[in-house]
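Novice: One structure follows; several queries about it will come next.
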Amino acid sequence: MKYAIEKPARQVAMVMDLNKCLGCQTCTVACKKMWNTDGGTDYSYWNNVETLPGKGFPKQWDEIGGRTDQGAVKRGKIPNLDSEYGRAWSFNHKAVIATDAASGKKEWLKPKGKPDWGPNWDEDEGTGTYPEDNHYFYMPRLCNHCTEPACLDACPRQSIYKREQDGIVLVDQDKCHGYRFCVEACPYKKVYYDYQRQVAAKCIFCMPRIEEGVAPACARQCPGRLRFVGYREDQEGPIWKLVDKWKVAIPLHPEYGLGANVFYVPPMSPEKFDSQGNGTGEPRIPTAYLEQLFGPDVHKALATVNAERDKRKRGEPSELMDILVAYDWNENFKLDGAVREVI
Amino acid sequence: MKQTLQLIAAPTVMQPGGYVPEAYKDRTQASTPTVELTAEKAAARGWRIELQWACPQPVSSIANETDLFPDAAALMVPVVADAPWITMGQEDKPVEAALWRADREALYQLQAEGLGTMHRNDAPAGWSAQSQWADGVYRLVFQLKPWAALDQHGLLGIALWRGAESDRGGLKSVSSGWVSVS
Ligand code: SF4
Ligand code: SF4
């Protein structure tokens, strides 16, 4: 980081337990409907859920730069709307409406043209051979509201800032001139370009809700109850317990070196089968693959989750399992009450 | 009077923030190496300034795309005589500029007191530009009336951005200093 940024008074953060994600995209839609229905952002998803192993959204985002795997600056690529994000499809609505049952003229609803890419295009494909080792899991992604944001450091106009009161990373769109260095520089590809207003746009961690003590829409709407929201430093809250106390929640691609404030409980998986259909004892999702995503801490995190689950199976108490099960989903969220002055 | 100016790549190492200087440290060649400048002042009509430069692949629309940048050109003038050129002025030594973008009809007026401080507003009523691209060459004519800072100092700086090279912000070809047009 070249710009000096003040350490915020506290940092909002999120943990997602990947063992519980259904891939239902309720979070994606909750976010999209709330913040991104305008023309210039029709293609963008501040929250997306991708199937891994898979290409992700935008396509191969982890290969198009911003940071090296040593955390050094590396020139990034601005994703192309057609080949990497996927242009929002247009449909033959007029022709369908003109369908005339009497004359037998029928037109089914379908996209115009022949789309060959879009968000979630490779949903549920995964990899491996059935039944030996086929596998996939869902990976919900949003801006990490990084401690040292690459997007912020990339803006020559200092249009991106980290809020003092809660560490949310925001774009001042009145200052932004649409240069898109932030889009290039974010290795998670979580800054988008509003091509109508010609400014950068990114996840705001549902800032107006946070100011009312309410968790972001993606988290509140999640039927899998897998999202936890709170302050990073709050030892009474779920984030500190999962990240610092139990050390089962770890950031995605820690090697980028940005200090992500979104954390994941990595996915456990059933064992592989040999050619006779007998379990081999090895997890279907190769731990080496998870290490590529989450770094070496994934081993310890998985070992802890497995051990605590076994404890619970034996009928013994486990604070960790009680948190992850989320008996009362209200307890997934621990934010202060309203801090916004209502005018 | 027509002058042919050699342009240099604006030094990316000076750009604010940690990303641009590092990611673009290889940008040492001007994407547009020369420009022809003709500047005339007619008392009643103000300044007529013409730029001509080679551009094999013009980009005049960036609509409905995420990764396109428009061709653009700016004329910058010092508001005080010793405003530095290469940093777009500095604190208390402002510069002003007229910015043309190939994807817009109207000009912008810019004000800056150093890199990263530029403010962009709609240009005053007397400012306009007409552009034409043919056979790989842009011809751009600014009509600027009035422009007190240019009247006073008679100095101009030129900046050109080539959309096809993803030029924008500090990624630009610039004259190597102030050019006298008086
Ligand atoms: S994830 Fe990307 S957009 Fe979000 S704060 Fe970090 S660098 Fe910026
Ligand atoms: S709403 Fe929850 S369960 Fe559904 S895709 Fe999003 S994170 Fe997964």
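The values are calculated or read from the model by the stated rules, or taken from the named source; none is laboratory data. Please read all numbers here as calculations on a predicted model, not as lab measurements. FYI the Cβ positions are ideal-geometry reconstructions off the backbone, even for glycines, and counts take in every protein chain you see. When the accessible area is computed, the model is the full protein with side chains, heavy atoms only, and any ligands, DNA or RNA have been set aside. Shrake-Rupley method; radii C 1.70, N 1.55, O 1.52, S 1.80 Å.
Novice: Could you go through the stretch A:284-294 and let me know if any residue there is free of Cβ contacts under 8 Å to residues at least 12 places away in the same chain and polar (S, T, N, Q). Spell out the reasoning first.
Specialist: From the stretch A:284-294, those free of Cβ contacts under 8 Å to residues at least 12 places away in the same chain are A:286, A:288, A:291-292; that's our starting set.
Going one step further and asking which of them are polar (S, T, N, Q), we end up with A:292.
Yes, because at least one residue in the stretch A:284-294 is free of Cβ contacts under 8 Å to residues at least 12 places away in the same chain and polar (S, T, N, Q).
Novice: Considering only the stretch A:188-197, I want to know if a residue exists there that is touching a Phe, Trp or Tyr at 6+ places or on another chain (Cβ under 9 Å), over 26 Å from A:Pro267 (Cα atoms) and more than 16 Å from ligand 2 (Cβ to nearest atom).
Specialist: The answer is yes, given that some residue of the stretch A:188-197 is touching a Phe, Trp or Tyr at 6+ places or on another chain (Cβ under 9 Å), over 26 Å from A:Pro267 (Cα atoms) and more than 16 Å from ligand 2 (Cβ to nearest atom).
Novice: Give me the residue from the stretch A:11-40 that is within 14 Å of chain B (Cβ to nearest Cβ) and open to solvent by 10 Å² or more (accessible area, probe 1.4 Å) and, out of that set, nearest to ligand 1 (Cβ to nearest atom).
Specialist: The selected residue is A:Asp38.
Novice: Before we move on, is B:Met88 within 12 Å of the chain's Cα centre (by Cα), more than 14 Å from chain A (Cβ to nearest Cβ) and open to solvent by less than 60 Å² (accessible area, probe 1.4 Å)? Explain how you work it out, then say what you get.
Specialist: Working: within 12 Å of the chain's Cα centre (by Cα): yes; more than 14 Å from chain A (Cβ to nearest Cβ): no; open to solvent by less than 60 Å² (accessible area, probe 1.4 Å): yes.
When the stated conditions are applied, B:Met88 does not pass them.
Novice: Out of the strands (runs of 3 or more DSSP E) lying entirely within the stretch B:90-182, which hold 2 or more residues that are within 26 Å of A:Val199 (Cα to Cα)?
Specialist: B:95-101, B:108-112, B:119-122, B:127-134, B:155-161, B:173-175
Novice: Moving on to the next point. Of the residues A:Val229, A:Val183, only one is within 16 Å of ligand 2 (Cβ to nearest atom) and crowded, with 24+ Cβ neighbours inside 10 Å; which? Lay out the reasoning, then the answer.
Specialist: Details: A:Val183 fails: within 16 Å of ligand 2 (Cβ to nearest atom).
Only one candidate passes the filter, namely A:Val229.
Novice: Also, quick follow-up: Within the stretch B:30-39, take every residue that is touching a residue at least 40 places away in the same chain (Cβ under 8 Å) and of a type in the set (S, T, N, Q) and give me the one that is surrounded by the fewest Cβ atoms within 10 Å (Cβ to Cβ).
Specialist: B:Ser31
Novice: If you don't mind, another one. Quickly run through the stretch A:19-35 and pick out the residues that are under 26 Å from A:Ala301 (Cβ atoms) and within 9 Å of ligand 2 (Cβ to nearest atom).
Specialist: A:Lys20, A:Cys21, A:Leu22, A:Gly23, A:Cys24, A:Gln25, A:Thr26, A:Cys27, A:Thr28
Novice: Can you name every residue in the stretch A:239-287 that is open to solvent by less than 60 Å² (accessible area, probe 1.4 Å), closer than 23 Å to A:Tyr138 by Cβ and among the charged types (D, E, K, R)?
Specialist: A:Glu255, A:Lys272, A:Arg284
Novice: Then there's this: Under the condition of being closer than 27 Å to B:Gly163 by Cβ and more than 9 Å from ligand 1 (Cβ to nearest atom), which residue from the stretch A:138-168 is farthest from the other protein chains (Cβ to nearest Cβ)?
Specialist: Taking the candidates together, the pick is A:Ser159.
Novice: I'm trying to understand the selection: among the residues of the stretch A:220-230, which are within 19 Å of A:Cys143 (Cα to Cα) and touching a helix residue (DSSP H, G or I) at 6+ places or on another chain (Cβ under 7 Å)?
Specialist: A:Gln221, A:Cys222, A:Arg227, A:Phe228, A:Val229, A:Gly230
Novice: Now for a different question. Please state which of the following conditions A:Gly65 fails to meet, knowing it meets all the rest: (1) open to solvent by less than 20 Å² (accessible area, probe 1.4 Å); (2) at pLDDT 95 or above.
Specialist: So the condition that A:Gly65 fails would be (2).
Novice: Hey, among A:Pro270, A:Pro296, A:Pro254, A:Pro266, which residue is away from ligand 1 (no atom under 16 Å from the Cβ), more than 14 Å from chain B (Cβ to nearest Cβ) and over 21 Å from A:Cys21 (Cα atoms)? Steps first, please.
Specialist: Working: A:Pro270 fails: over 21 Å from A:Cys21 (Cα atoms); A:Pro254 fails: away from ligand 1 (no atom under 16 Å from the Cβ); A:Pro266 fails: over 21 Å from A:Cys21 (Cα atoms).
Among A:Pro270, A:Pro296, A:Pro254, A:Pro266, only A:Pro296 is away from ligand 1 (no atom under 16 Å from the Cβ), more than 14 Å from chain B (Cβ to nearest Cβ) and over 21 Å from A:Cys21 (Cα atoms).
Novice: Oh, and also: Looking at the stretch B:127-148, which of the residues that are modelled with pLDDT under 95 and surrounded by 14 or more Cβ atoms within 10 Å (Cβ to Cβ) is farthest from the other protein chains (Cβ to nearest Cβ)?
Specialist: B:Lys145
Novice: Output the number of residues of the stretch A:180-209 satisfying the condition of being part of a loop (DSSP other than H, G, I, E, B) and away from ligand 1 (no atom under 13 Å from the Cβ).
Specialist: Count: 5.
Novice: Then there is this: Keeping to the stretch B:91-115, report how many residues are over 22 Å from B:Ile49 (Cα atoms), crowded, with 16+ Cβ neighbours inside 10 Å and touching a Gly at 6+ places or on another chain (Cβ under 8 Å). Steps first, answer last, please.
Specialist: Kept after step one, since they are over 22 Å from B:Ile49 (Cα atoms), are these residues of the stretch B:91-115: B:91-93, B:113-115.
Next cut, crowded, with 16+ Cβ neighbours inside 10 Å only: B:93, B:113-115.
Then keep just the ones that are touching a Gly at 6+ places or on another chain (Cβ under 8 Å); that gives B:113-115.
So the answer is 3.
Novice: Tell me, which residue of the stretch A:169-179 that is open to solvent by 10 Å² or more (accessible area, probe 1.4 Å) and assigned to a loop (DSSP other than H, G, I, E, B) is nearest to the other protein chains (Cβ to nearest Cβ)?
Specialist: Checking each candidate, the answer is A:Tyr179.
Novice: Restricting to the stretch A:41-51, count the residues that are more than 16 Å from ligand 1 (Cβ to nearest atom), under 12 Å from A:Met139 (Cβ atoms) and part of a loop (DSSP other than H, G, I, E, B).
Specialist: Counting residues in the stretch A:41-51 that are more than 16 Å from ligand 1 (Cβ to nearest atom), under 12 Å from A:Met139 (Cβ atoms) and part of a loop (DSSP other than H, G, I, E, B) gives 0.
Novice: Looking at the stretch B:18-29, can you tell me whether even one residue there is surrounded by fewer than 17 Cβ atoms within 10 Å (Cβ to Cβ) and either among the polar types (S, T, N, Q) or in contact with a strand residue (DSSP E or B) (Cβ under 6 Å, 6 or more places away or on another chain) (or both)?
Specialist: So far as the stretch B:18-29 goes, yes, one or more of its residues are surrounded by fewer than 17 Cβ atoms within 10 Å (Cβ to Cβ) and either among the polar types (S, T, N, Q) or in contact with a strand residue (DSSP E or B) (Cβ under 6 Å, 6 or more places away or on another chain) (or both).
Novice: Pairs needed: first member in the stretch B:110-132, closer than 17 Å to A:Tyr179 by Cβ and in contact (Cβ under 8 Å) with a residue 40 or more places away in the chain; second member anywhere, part of a loop (DSSP other than H, G, I, E, B) and among the β-branched types (Val, Ile, Thr); C-beta distance under 6 Å; at least 6 residues apart or different chains.
Specialist: Sorted first by the residue in the stretch B:110-132, then by its partner, the pairs are B:Leu115/B:Thr87.
Novice: In the list A:Gly71, A:Gly65, which residue meets the criterion of being within 14 Å of ligand 1 (Cβ to nearest atom) and in contact with a strand residue (DSSP E or B) (Cβ under 7 Å, 6 or more places away or on another chain)? Reasoning before the result, please.
Specialist: Working: A:Gly71 fails: in contact with a strand residue (DSSP E or B) (Cβ under 7 Å, 6 or more places away or on another chain).
One residue alone meets the criteria, A:Gly65.
Novice: Which pairs turn up if I take residues in the stretch B:7-27 that are part of a helix (DSSP H, G or I) and look for partners that are open to solvent by less than 20 Å² (accessible area, probe 1.4 Å) and acidic (Asp, Glu) with beta carbon separation below 8 Å, at least 6 apart in sequence or on another chain?
Specialist: Close Cβ pairs satisfying both conditions: B:Tyr19/A:Asp153; B:Tyr19/A:Glu184; B:Ala23/A:Glu184.
Novice: Given the conditions (1) on the phi > 0 side of the Ramachandran plot; (2) away from chain B (no Cβ under 12 Å), and given that A:Lys189 satisfies all but one, which numbered condition is not satisfied?
Specialist: Here A:Lys189 clears every test but (2).
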